[in-house]
Amino acid sequence: MLAQLVSAALVGIEARLLEIEVDLGRGLPGIVLVGLPDKAVSESRDRVKAAVTNSGYDFPNRKITVNLAPADLQKEGPAYDLVVALGVLAASAQIEIPDPRNWLILGELALDGRIRPVAGCLPAALAARRHGVKRLLVPRENACEAAVVEEVTVIPAGTLAEAVGAVTEKKLPTPALVDVARLFANEAAEEIDFADVKGQAHAKRALTIAAAGHHNLLMSGPPGTGKTMLAQRLPSILPPLTLDEALETTQVYSVAGFLVSGNGSSLVTRRPFRSPHHTVSEAGLVGGGSSPRPGELSLAHHGVLFLDEFPEFGRRVLETLRQPLEEGRVTIGRASASLTFPARIMLVAAMNPCPCGYASDPKRACRCSPSVIEKYRRRISGPLLDRIDLHVEVGAVPYKDVAGAAPQESSALLRERVIRARRVQEERFKGEKVHANARMTPRQIKRHCALGEAAEALARQAVSEMNLSARAYHRLLKVSRTIADLAGARAIAPEHVAEAIQYRGKELD
């Protein structure tokens, strides 16, 4: 007898529907899995047999062939245990599923029949909606994650017996429901605030510009000047995530296996802030591995990727950033397929001016020779620096500022300015794929960044004296446009260009 059910396989952060065919035939008893299963899928044979038996059902003493179609798509992970077990029970006539093609089924089985959570339930729910599959059967811990997708009924199950009751419609569990609006409304207040940062008005201004235009930023300065403290507060002034952005970001976390609804994280409602250590590998930063998974770049999608001790990262690791910073995505090529993960991030980096850290400190002597300093700075390539819009030097804070009681601007106040500037950009780019100044194409730069005679003379002089590349010049114009937006100006004035030039003036030699 043949049973046919539906499941899903992950391809990047998307899910593709699979047809799971289970056939009982003649031959030596056992389960044969075909359709490019990896080792984790192949091992489901033993998990399924134990779970079926320990749940009170009979395991057929016949040859069982399980086909995971399409056969040319690699199947990875333990998420097919549940659908295979239900297929075995249906093929052996122990259960009858009234409408098998209207269920998309995912779940890993424990040997006692419990259903364990799996990665990728949100992409599976989105795939089910695209293809008109009305019901999604998932582990109980994944139910809220999948339930943020409308038009799909998400049925949670904790055991194989509960799953059988659901698909046979003899005992249908209560569908999982999630109030998406409440998730956004209940977002906890930021625990960190720019009001905690004493002084550093110049750096705060640069971070505000970066947030308003989605620009990349590099901070350089001696140890203890607050570079990390400033970077950690950047998400607190970024605009709130939209629902579409939240779903995209949550898909990445779901595929990476970081999303467990039991911890209350059914939807990522805050912009991510990722800060990997400088020993991170290429695969850890951009994604990859034998079974490609998202890296830190993609986990920071629609948020901030902070790289502290920037020159200490491996040269090859840093060079992998160049293409994603331009394109907003990571493409990982393999012999069998090419996978794409989103990576639309703000890069914020911090570094010391030299190995000892005190080359720019007026009160402490630097112990590094000029050749050592040059070698240290050259760890960051020119093409990568070209892709960083703002270069800011963060100096030591005077004692009077550290000990003073003068109130500092709060994150709420800075965020209001950022949101106003972003609204201007939303109106400017209405109907286009671009949503922020940093993402403007050359054609859009020509249209929206026209300079008057005085501003153009200033920009021309900067390009000549600072030997800026064409890319750096375009980024100078983008930053000038953002500064004008923050000022509420329709045209880019000379003072806007002059301020933007300051942030190229601190670029490393």
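So, in region 309-358, of the ones that are β-branched (V, I, T) and over 16 Å from the mean Cα position of the chain (by Cα), which residue ends up farthest from H435 (Cα to Cα)?
V317
Among residues belonging to region 132-191 that are farther than 18 Å from L259 by Cα and touching a Gly at 6+ places or on another chain (Cβ under 6 Å), point out the one that is surrounded by the fewest Cβ atoms within 10 Å (Cβ to Cβ).
Step by step, filter region 132-191, then rank; the result is K171.
So, of the residues in region 59-90 that are open to solvent by 20 Å² or more (accessible area, probe 1.4 Å) and hydrophobic (A, V, I, L, M, F, W, C), which turns out to be nearest to S290 (Cα to Cα)?
Of everything passing the filter in region 59-90, L73 is nearest to S290 (Cα to Cα).
For region 256-271, state whether one or more residues are within 26 Å of L384 (Cα to Cα) and outside any loop (DSSP other than H, G, I, E, B).
For region 256-271, residues within 26 Å of L384 (Cα to Cα) and outside any loop (DSSP other than H, G, I, E, B): absent.
Just checking: which of the strands (runs of 3 or more DSSP E) contained wholly in region 300-414 hold 1 or more residues that are over 23 Å from G199 (Cα atoms), open to solvent by less than 50 Å² (accessible area, probe 1.4 Å) and touching a residue at least 40 places away in the same chain (Cβ under 8 Å)? Walk me through it before giving the result.
On the way: elements: 304-307, 329-333, 338-342, 346-351, 390-393.
The strands (runs of 3 or more DSSP E) meeting that bar are 304-307, 329-333, 338-342, 346-351.
Quick grid of which residues meet (1) over 22 Å from A143 (Cα atoms); (2) within 31 Å of the chain's Cα centre (by Cα); (3) outside any strand (DSSP E or B):
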position: V32; (1), (2), (3): yes, no, no
position: A79; (1), (2), (3): no, yes, yes
position: P98; (1), (2), (3): yes, no, yes
position: L111; (1), (2), (3): no, no, yes
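Between a first residue in region 269-292 that is over 30 Å from D179 (Cα atoms) and a second residue that is among the polar types (S, T, N, Q) and at pLDDT 90 or above, which pairs have beta carbons less than 6 Å apart while being 6 or more apart in sequence or on different chains?
E282/T320; V286/T320; G287/S298
For region 375-388, indicate whether the set of residues that are under 24 Å from R471 (Cα atoms) and among the polar types (S, T, N, Q) is non-empty.
Yes, because at least one residue in region 375-388 is under 24 Å from R471 (Cα atoms) and among the polar types (S, T, N, Q).
Out of V41, V52, which single residue is over 23 Å from L339 (Cβ atoms) and either part of a helix (DSSP H, G or I) or under 37 Å from the mean Cα position of the chain (by Cα) (or both)?
V52
Which pairs turn up if I take residues in region 482-500 that are within 17 Å of I445 (Cβ to Cβ) and charged (D, E, K, R) and look for partners that are open to solvent by 40 Å² or more (accessible area, probe 1.4 Å) and part of a helix (DSSP H, G or I) with beta carbon separation below 9 Å, at least 6 apart in sequence or on another chain?
That search, which allows pairs on different chains as well, returns D485/R420; D485/V424; D485/R428.
Here are E432, E465: which of them is surrounded by fewer than 17 Cβ atoms within 10 Å (Cβ to Cβ), of a type in the set (D, E) and in a helix (DSSP H, G or I)?
Step by step, each of E432, E465 is checked, and only E465 is surrounded by fewer than 17 Cβ atoms within 10 Å (Cβ to Cβ), of a type in the set (D, E) and in a helix (DSSP H, G or I).
Select from region 422-478 the residues that are among the polar types (S, T, N, Q) and under 12 Å from I492 (Cβ atoms) and list them in ascending order.
Across region 422-478, the qualifying residue is only N437.
Between residues in region 156-177 that are among the charged types (D, E, K, R) and residues that are open to solvent by less than 50 Å² (accessible area, probe 1.4 Å), which pairs lie under 7 Å by C-beta distance while being six or more apart or on different chains?
E162/P173; K171/G165
Quick one: would you say E296 is within 19 Å of N216 (Cβ to Cβ) and open to solvent by 50 Å² or more (accessible area, probe 1.4 Å)?
no
Taking only region 113-139 into account, find how many residues are in contact (Cβ under 8 Å) with a residue 40 or more places away in the chain, part of a helix (DSSP H, G or I) and touching a helix residue (DSSP H, G or I) at 6+ places or on another chain (Cβ under 8 Å).
Residues in region 113-139 being in contact (Cβ under 8 Å) with a residue 40 or more places away in the chain, part of a helix (DSSP H, G or I) and touching a helix residue (DSSP H, G or I) at 6+ places or on another chain (Cβ under 8 Å): 5 in total.
The values are calculated or read from the model by the stated rules, or taken from the named source; none is laboratory data. Values in this document were obtained by computation on a predicted structure and should not be read as measured data. Every residue, glycine among them, receives a Cβ derived from its backbone with ideal geometry; neighbour counts consider all protein chains shown. Surface accessibility is based on the protein's heavy atoms, side chains included, excluding ligands, DNA and RNA. Shrake-Rupley method; radii C 1.70, N 1.55, O 1.52, S 1.80 Å.
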